[in-house]
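The values are calculated or read from the model by the stated rules, or taken from the named source; none is laboratory data. What you see is a predicted model, and the numbers here were worked out from it, not measured in a lab. Cβ coordinates were reconstructed from backbone atoms using ideal geometry, including for glycine residues, and neighbour counts include every protein chain displayed. Side chains included, ligands, DNA and RNA excluded: accessible areas come from the protein's heavy atoms. Shrake-Rupley method; radii C 1.70, N 1.55, O 1.52, S 1.80 Å.
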Amino acid sequence: MTDGVPPAPPEKEVHQDEASKVLGRVAVGASLMVAARFVIRGLSIIGMLVLARLLVAEDFGLVALSGAAVAFVEVLSVTNYGLLLVRERQPTRDLYDTAFTLNILRCLLIGLLIASTAHWQAHFLGDARIAGVLQVVSLIIILDGLTSIGMVRLQRDLHFDSLFRFQVVSKVVAFVVSVILALILQNYWSLVLGNLAARLVAIPYSYWLAPHQPRLSLRNAGQLLQFSGWMLGINALTTVDSQGPNLLLGRLLGLPALGTYQVAYFVAAMPVHEVAVPVRQPIYAGYAEVQGDRTLLREHFLDGFGLLAAVMVPLSVGIALTAPEIGRIALGPAWADAISLIALCALYSLADCLAGFSTNIFFVLDRMRPYVKTLALLVLLRMALIPLAILQWGVVGMATVMVGTAVLNAVLWHWQTASLLGHRLIDIAFEAWRSMAAACVMVAAVLALRTILPDTALSLARAAFNLCLLSVAGAAVHIGTQYLLWRLAGRPKGAERRVLSAATGLMRRLGWRVLAPATRAGTMKER
C-alpha cells in the first residue's frame with residue numbers, strides 16, 4: 001500500500017472479474033430467451049389444439065401454402081443489420097437511422113412484390129383464396145419494417161428481460177385474437193388476421209420498450225449494404241444447406257421417405273431448437289461487449305462452449321439412446337422406419353450445434369469473407385455426397401452423411417476459430433471432455449439396462465415405462481460420472497462450477513443447502 005492507496009488488483013483477476021460479469025449477464029439473457037421459447041412453443045401448441053377444434057385441416061393447409069410462397073424470398077432478403085449494430089463499439093444515431101430506413105425499404109419492396117404477384121401465385125398454386133391471404137401477408141411484412149430499431153439497443157445492452165416481454169406479448173396477442181376470430185369467423189382468416197393484430201400491437205410496444213424517434217437516413221448505406229451483401233451469400237448457402245437435402249431426398253426416393261425423415265428430424269432436433277437456438281442472441285451480444293479484448297473474448301467463448309456441451313451432449317445422446325421408446329410413444333408403430341433416423345438425426349443436430357457455436361465469432365470479428373468461403377466449400381461437399389449416399393443406402397445413408405459432415409464441420413470451424421482467438425483445438429476438447437466421457441458411460445449403462453427390459457414394441461404403456469426408467473437411469477449415470485470426473489480433476493472452473501452454483505442458489509432459496517459446502521470449498525480453492 002502506498003500513501004494510503006490500495007494497490008490495483010492483478011490484471012488476471014481483473015480479466016476474470018470482467019469475464020464473470022459478462023458471462024453472468026449472458027447466462028441470465030440466455031435463460032430468458034430459452035424461457036421465452038418455451039412460452040411461445042407452449043402457446044403455439046395450445047393454440048393449435050384449440051384452433052384445430054374450431055377450424056378444418058384445409059384452413060391450416062391454405063395458410064401454410066401461402067406462407068411457403070413467400071418464405072424463400074424472405075430468407076434470401078434477410079439483412080441482419082442488427083448483427084452489425086450490436087457488433088459496432090459505438091454505433092452512431094446515423095447508423096441506427098440508416099438501418100431503420102433500409103429495413104423499411106426492404107420490407108416495402110418485398111411486401112409490394114408479394115401483393116402485386118398475389119393473383120398470379122394463387123393461380124399457380126391452384127386456389128384463388130391464396131390471393132387475399134398473400135395481400136394481408138404483404139401488409140404484415142410492410143408493417144414489420146416499422147418496428148423500433150431501438151430493440152437492437154436492448155440486445156446490445158443485454159436487456160433481454162425486455163426482449164422476453166416483447167416476444168411473449170406478441171405471441172399472446174396473436175393467440176387470443178386468432179381464437180376469438182375463429183369463434184366468430186370459423187375459417188382461415190382467423191389465423192391470418194391474428195398475426196396482423198399481433199404486428200399492430202408489437203410496433204407501438206417496441207417503441208414503448210425501446211424509445212427511438214424514427215428518422216430516415218441513408219448516410220451509412222454503403223457500410224450496411226456491404227454487410228447485407230455478405231449476409232445474402234450466407235443466407236443463400238444456409239438455405240441450400242437446409243433445404244437441399246430435403247429436395248434431393250424427395251426427388252430421388254419420393255415423398256414418403258422425405259416425410260419420414262422430416263418427422264424424425266423434428267423429434268430428434270428439439271433440444272437444439274428449444275435450447276441452443278434461443279441462446280445465440282445473448283451469446284452474440286456478450287461477444288460484442290468484450291470484442292476489443294481478445295483474452296476476454298477467448299475466455300467467454302471457451303466457457304460458453306463448455307456449458308453448451310454440458311447441456312446438449314446428454315440431451316442429444318439421450319434422445320438417440322431412447323429412440324425406440326420415443327418413436328413408439330410419439331409416432332406410433334406405423335413410423336417404425338423413423339426410429340433409426342431419430343438416433344442419427346439426434347447425433348447430427350448435436351454435432352451441428354457444437355459446430356455452429358463458433359459462427360458468432362466470425363460475425364463479431366468481421367471475418368465474413370473466410371466464413372463464406374468455408375461455408376461454401378462445406379455445403380458443396382455435403383451436397384455432392386448426399387445423392388451418392390441416397391442412391392446407395394437410402395434415407396439412412398443420407399442421415400449418416402449428415403452426421404459425418406457435421407462432425408467435419410465442427411472440426412474445421414473450431415480450427416479456424418482457434419486461429420482467430422489464439423487458443424488450440426485441445427483447449428476446446430478440454431472444455432467438453434468430461435461431458436463426452438460421461439456420455440460414453442451413459443451409453444454403456446443404458447444399453448446394458450435395455451438388455452433386461454421387455455421389448456418396447458409390446459405396448460404403449462411398456463414403452464412409456466421403459467422411457468422413464470432409461471431416462472432416469474441415464475441422467476443419473478451421466479450426472480454422477482461428470483461430477484466425479486470434475487472432482488477428480490480438482491474441481492476446475494467450467495460448466496460444472498456454473499451449474500452447481502446455479503443449483504446451489506436455487507436450493508438455498510428453497511431452504512436446502514446440501515450442495516453449498518462443495519461449491520463453497522471449490523470457490524475458496526479457486527481464490
Could you please find all residues in segment 421-437 being among the small types (G, A, S), open to solvent by 30 Å² or more (accessible area, probe 1.4 Å) and part of a helix (DSSP H, G or I)? A429, A437
If the requirement is being at pLDDT below 70 and open to solvent by less than 40 Å² (accessible area, probe 1.4 Å), which of these qualifies: Y96, Y81? Y81
When you look at G318, is it of a type outside the set (D, E) and either in contact with a strand residue (DSSP E or B) (Cβ under 7 Å, 6 or more places away or on another chain) or on the phi > 0 side of the Ramachandran plot (or both), yes or no? no
For W208, indicate whether it is among the aromatic types (F, W, Y) and within 26 Å of Y287 (Cα to Cα). no
Taking A418 as the residue in question, decide whether it is over 14 Å from T374 (Cβ atoms), part of a helix (DSSP H, G or I) and either open to solvent by less than 50 Å² (accessible area, probe 1.4 Å) or free of Cβ contacts under 8 Å to residues at least 40 places away in the same chain (or both). no
Restricting to segment 345-375, give me the number of residues that are in a helix (DSSP H, G or I), open to solvent by less than 10 Å² (accessible area, probe 1.4 Å) and either more than 23 Å from N246 (Cα to Cα) or not small (G, A, S) (or both). 6
Looking at segment 444-458, I want the residues that are at pLDDT 75 or above and have a partner that is open to solvent by 50 Å² or more (accessible area, probe 1.4 Å) and of a type in the set (K, R) with Cβ atoms under 6 Å, at least 6 apart or on another chain. Which pairs are those? P454/R462
Here the residues within segment 268-310 that are modelled with pLDDT under 80 and of a type in the set (A, V, I, L, M) are M270, V272, V275, A276, V277, V279, I283, A285, A288, V290
Restricting the search to segment 93-122, which residues are in a helix (DSSP H, G or I) and within 22 Å of L191 (Cβ to Cβ)? C107, I110, G111, I114, A115, A118, H119, Q121, A122
Filter segment 222-239 for residues that are open to solvent by less than 20 Å² (accessible area, probe 1.4 Å) and either without any contact (Cβ under 8 Å) to a residue 12 or more places away in the chain or not polar (S, T, N, Q) (or both); which is nearest to D366 (Cα to Cα)? F227
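This table checks each residue for (1) more than 21 Å from L200 (Cα to Cα); (2) among the basic types (K, R).
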{"position": "Y96", "(1), (2)": "yes, no"}
{"position": "L102", "(1), (2)": "no, no"}
{"position": "R106", "(1), (2)": "no, yes"}
{"position": "L112", "(1), (2)": "no, no"}
{"position": "T117", "(1), (2)": "yes, no"}
{"position": "A122", "(1), (2)": "yes, no"}
{"position": "R129", "(1), (2)": "yes, yes"}
{"position": "G132", "(1), (2)": "no, no"}
{"position": "D144", "(1), (2)": "no, no"}
Are any residues in segment 200-221 touching a residue at least 12 places away in the same chain (Cβ under 8 Å) and assigned to a helix (DSSP H, G or I), and if so, which ones? L200, V201, A202, I203, Y205, S206, Y207, L209, A221
Does A448 satisfy the criteria of being crowded, with 16+ Cβ neighbours inside 10 Å and either over 24 Å from the mean Cα position of the chain (by Cα) or among the aliphatic types (A, V, I, L, M) (or both)? no
If D127 satisfies every condition in (1) over 27 Å from the mean Cα position of the chain (by Cα); (2) closer than 30 Å to L95 by Cα but one, which is the exception? (2)
Pairs only if they're at least six apart or on different chains, beta carbon under 6 angstrom, first in segment 108-121 and more than 13 Å from I142 (Cβ to Cβ), second part of a helix (DSSP H, G or I) and among the polar types (S, T, N, Q); list them, first residue then second. A118/Q135
Answer yes or no as to whether L249 is in a helix (DSSP H, G or I), at pLDDT 80 or above, out of contact with any Gly (no Cβ under 7 Å at 6 or more places or on another chain) and buried (at least 17 other Cβ atoms within 10 Å of the Cβ). yes
Output yes when any residue across segment 485-495 is in a helix (DSSP H, G or I), surrounded by 12 or more Cβ atoms within 10 Å (Cβ to Cβ) and modelled with pLDDT under 85, and no when none is. yes
